[in-house]
Amino acid sequence: MEKSKGVLLVGLGTPQSCEVNDVRAYLKEFLSDPLVIQKPRWFWLPLLNGIILKVRPAKSAEMYKKVWRENGSPLMEYTINQTEQLNAICEDYQVDFAMTYGQPRIDDKIAEMRANGITDLMVLPLYPQYSLTTVEPIVRQVAAVDPNIRVVKEFCQLPSYTDLLAETINEKWATGGYDKLVLSYHGIPVSYVTKKQDIYEEQCKLTTAAVVEKLGLRESQYEHDYQSKFGPDKWLGPATIDRMASLPKEGCKKVLICSPAFVADCLETLYELEIENKDVFVENGGEVFDFVHPFNESAAFTEVLKEVVLEANK
């Protein structure tokens, strides 16, 4: 029997390859989104096209080359695998995936699923926490095709999500010997929170509170930081990379770091955290820098996604 219900998983996106031209095309689409860069178009677009896209793609391409795999980007690889796993356990649903930027496009995938007989479609962004910069672009792209399609806006308050996050962290934390757990979230400009009323910071704090409670940590045993600052504006802090420089001087020589805003490895986890931040930590006297990878293709996380789907369809 053909399935009439569908789930479209949506991730951020990735360049087609780690070559400069492909990276430039991806960055152009990503950084042109007015929800990602919330500056006047008359100011931002000339700066983006005139300077940034001439300089940044080559630097980013070198970073991508350090994490690229035989099958392509790790984010694409894990998204494909997670889609296949969810499709296998959601018997009543046809599951596919798209990307907010790059390929495959959200509108193309919706059209394809409709052509395959899907009349009841739900979109599930692969972001536990809602932000104007991540989930809202998906909401608007979906609405441009069909405003009646449901979009799940967050799942960070689902107990099974924070349970799994805590269990994943505890697999390393329980071995002992760490001075501090660092929960590093992707940052956004402070103005997005204060002026645009983005609830992302609030949801990140809720995630941290739930996880440290499950782990039974004291306040001195963990900290809540932000990474990936871009541009001169003030961003949410403290900045993870700054803390990596100062923690060893405060006596924290052994850290365990986790990135709860990501559900799959990508440039921000594999390069920014595991290479850049680790280098800074070691250069400043750090001794042990261990990283808790995102869920990637974890079967347990697939079960969490299934629960999100079923809860959203009640």
Breaking point among (1) of a type in the set (D, E); (2) under 20 Å from the mean Cα position of the chain (by Cα); (3) in a helix (DSSP H, G or I), for D107: (2)
Selection from segment 110-120 of residues that are assigned to a loop (DSSP other than H, G, I, E, B) and surrounded by fewer than 21 Cβ atoms within 10 Å (Cβ to Cβ): N116, G117, T119
When residues of segment 167-192 are limited to those that are among the hydrophobic types (A, V, I, L, M, F, W, C) and surrounded by fewer than 19 Cβ atoms within 10 Å (Cβ to Cβ), the one farthest from E303 (Cα to Cα): V190
Test: V123 is part of a strand (DSSP E or B), aliphatic (A, V, I, L, M), touching a strand residue (DSSP E or B) at 6+ places or on another chain (Cβ under 6 Å) and closer than 23 Å to L75 by Cβ: yes
Given (1) within 30 Å of T207 (Cα to Cα); (2) β-branched (V, I, T); (3) more than 20 Å from the chain's Cα centre (by Cα); (4) buried (at least 22 other Cβ atoms within 10 Å of the Cβ), index of the condition V123 fails: (3)
Tally of residues being assigned to a helix (DSSP H, G or I), of a type outside the set (S, T, Y) and closer than 20 Å to P159 by Cα across segment 201-234: 13
Residue identified as in contact (Cβ under 8 Å) with a residue 60 or more places away in the chain and under 30 Å from W44 (Cβ atoms) among A264, A299: A264
Residue match in segment 156-179 (condition: farther than 18 Å from L206 by Cβ, hydrophobic (A, V, I, L, M, F, W, C) and in a helix (DSSP H, G or I)): yes
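Where a number appears in this text, it was derived from the coordinates with a stated rule and is not lab data. Being a predicted model, the structure only gives us computed values, none of them experimental. Backbone-built Cβ (ideal geometry, glycine too); neighbour counts: all protein chains shown.
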